[in-house]
Amino acid sequence: MDTAEISRRLEAERRRLAELTGTLSVPDGASKAEVASEQGDYDQHPADMASETFERAKDLSILIGMAAKVADIDRALERLAAGSYGVCEACGQPIGEARLEAWPAARFCRTDQARSERRIAPVSRIA
């Protein structure tokens, strides 16, 4: 396992995510009144306001997901430095090389990743 290459790939992915972050229209904490005043003195159609709200919520959701990926990258770099990179955090077995090739910041082997996703999956209700 070439740790320099893994580190390079993780750092490149972190930079890519940082660049994408700059393209999102995420609310900066401004109040609704401040946002409305930036849009001018004219009346804005409710559908336009709803579209803007939807786009901001969508971008915020994407930003949260990207922040989680950056955190995964940081943890992978820490594991790389500690010598525990490529080991499943749940069972201690090696993570498959193909899985690490696809997502170098993987924390779990395929089996434990699937188990983790089943635990957090929403429960569907039958009417």
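All of the numbers you see were taken from the coordinates with simple rules; none came from a lab. Small disclaimer: the values here were computed from a predicted structure and weren't measured. With ideal geometry, Cβ positions are generated from the backbone for all residues, glycine too; neighbour counts draw on all protein chains shown.
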Computed over the Cα atoms of region 45-127, the Rg and Dmax in Å are 18.0, 57
Taking the Cα-to-Cβ direction at residue 64 and at residue 49 and moving 7 Å from each Cα, how far apart do the two end points lie in nm?
-> 2.4 nm
Rounded to the angstrom and largest first, Cα extents along the principal axes for region 74-117 equal 27, 19, 16
In nm, to one decimal, how far is the residue 56 label point from the residue 71 one, both placed 7 Å along Cα→Cβ?
-> 2.4 nm
Using a Förster distance of 30 Å, how high is the FRET efficiency between residue 23 and residue 82, based on the Cβ-Cβ distance and rounded to 0.05?
-> 0.35
Taking amide H positions as placed 1.01 Å from N in the peptide plane, with prolines and chain starts having none, which residues 5 or more places from residue 87, or on another chain, fall under 5 Å of its amide H?
-> 95
